[in-house]
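Following: one structure in structure tokens, then a few remarks.
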Amino acid sequence: MRGAKALSAIFVVLLCWLVSAPVAAEPLGAGTAQQTVDLSGTRMKVFTYRPTCSNPSLLLVFHGAARDARDYRDDARPLADRLCTLVLAPLFDRKRFPSWRYQRGGIVDDLGVVQNPRDFTGRLVLDLVDWARKQEGRNLAYSLIAHSGGAQFLGRLAAFVPNEAERVVIANPGTYMLPSLAVDAPYGLGKVYSEPDGTDQLRRHLQQPLTIYLGEADDRDDAENNTAEARAQGASRFERGTKVFAAARSLAQDRGWPLNWRLVETPGVGHDARKMFAAPQALEALAP
């Protein structure tokens, strides 16, 4: 009887251990998939793609204002096949991530109040990278690419959220982060940074591996981003991109600072994410 009780106790202990033991992370499966990921308490739907190559790196893809993350994942698949990268395309839903939290990065709210840096939306990207690295069991190198509204988001991430991305590609954004302390966030570094620390942050901004990737035919007046701050950057998305790059280059030359930004233009393409990702210039835009 005592022996039976002892065996029962051992069984209970083993069962409790099995139930409480952490589930080992598993690499992302082949092909396309969808899963829900917990990022520091924020649950997000993520669309994934794994190419057939060995030991892929990581490409995070960010949708525009239509919140069509699945389509962006699919649009990035040819790039992933050519570059041997996993694709993660997170969905930033409108309810939890209105334009000030997504396109404008959560840097200031609709009232212009600067948010705590711990709450900048771009920090979720770092959490997603950490999740992917744990799933794969290795320290994945990664790059970021986005179009339109997602490119606005990545522009703010590059300016305000330190990261390890090999390249941050912003394609046809409607508004930009100007390399200026005189322009207030979320269109410049002002209000978030000021002298003397602001100069260091301005220099860091110019050192980010940022590619402004423009469709030359995206040259119509941008009626969707029609605020005074947006109009001050130019009339069209193409004009805004070229002007902001010129401002960054001029500032770097004046201060004697290195500039790690890159301007890549695609002829004959307008405001179209699929065509921008499929163009041969996309490889140049993403090159480390």
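The values are calculated or read from the model by the stated rules, or taken from the named source; none is laboratory data. In this text, all values refer to a predicted model and were calculated from it rather than measured experimentally. Heads up, the Cβs are rebuilt from the backbone with ideal geometry, glycines too, and the neighbour counts pull from every protein chain shown. To get the accessible areas, we keep the full protein, side chains included, count just its heavy atoms, and leave off ligands, DNA and RNA. Shrake-Rupley method; radii C 1.70, N 1.55, O 1.52, S 1.80 Å.
Of the residues 175, 242, ranked by 1.4 Å probe accessible area with the largest first, the sequence reads 242, 175.
Here the 3J(HN,Hα) profile of the stretch 146-154, calculated from phi with Karplus coefficients 6.51, -1.76 and 1.60 at θ = phi - 60°, is 7, 10, 6, x, x, 5, 4, 4, 5 Hz, Gly and Pro shown as x. Ignoring ligands, DNA and RNA, please state the percent of accessible area on the chain from carbon and sulfur, probe 1.4 Å. About 51 percent, which is the carbon plus sulfur part of the accessible surface.
Scanning residues 5 or more positions from residue 262 or on other chains, those with amide H under 5 Å from its amide H are 210, 211, 212, with H placed 1.01 Å from N in the peptide plane.
Solvent-accessible surface of protein heavy atoms, probed at 1.4 angstrom with all chains present, puts 199, 266, 227 in the order 227, 199, 266, largest first. Simple rule: put +1 on each Lys or Arg Cβ and -1 on each Asp or Glu Cβ in the chain, find the dipole, and look at 59, 114, 198; the Cα lying farthest toward the positive end is 59.
Within straight-line reach of residue 191, meaning a Cα separation under 25 Å, sit the following lysines at least 8 residues removed in sequence or on another chain: 243. Taking only the C-alpha atoms of the chain, Rg followed by Dmax gives 21.8, 88 Å. Between the amide H of residue 65 and those of 149, 150, distances stay under 5 Å, these residues lying 5 or more places away or on another chain, with hydrogens modeled in the peptide plane. When shorter helices are ignored and each DSSP H run of at least 4 residues is given -39500 (n - 2.57), the per-residue value for the chain at 222 nm works out to -10500 deg cm²/dmol.
What number comes out for accessible area per residue over the chain if the probe is 1.4 Å? Units Å², please.
Details: 13800 Å² over 288 residues.
Accessible area per residue, the chain: 48 Å².
Here the ratio of the Cα radius of gyration of the stretch 143-268 to 2.2 N^0.38 Å is 0.98. Beta bridges per DSSP, both residues in the stretch 101-228: antiparallel share near 10 percent. 3J(HN,Hα) along the stretch 110-126: 5, 8, x, 7, 5, 8, 5, x, 5, 9, 4, 4, x, 5, 5, 5, 4 Hz, from the Karplus curve 6.51 cos²θ - 1.76 cosθ + 1.60 with θ = phi - 60°, whole Hz, x for Gly and Pro. Across the stretch 247-258, rounded Karplus estimates of 3J(HN,Hα) from the backbone phi angles (6.51 cos²θ - 1.76 cosθ + 1.60, θ = phi - 60°) give 5, 5, 5, 5, 5, 4, 5, 5, 8, x, 9, x Hz, Gly and Pro being marked x. For residue 231, neighbours were defined as the other residues whose beta-carbon sits under 13 Å from its Cβ, and their charges (Lys and Arg +1, Asp and Glu -1) total -2.
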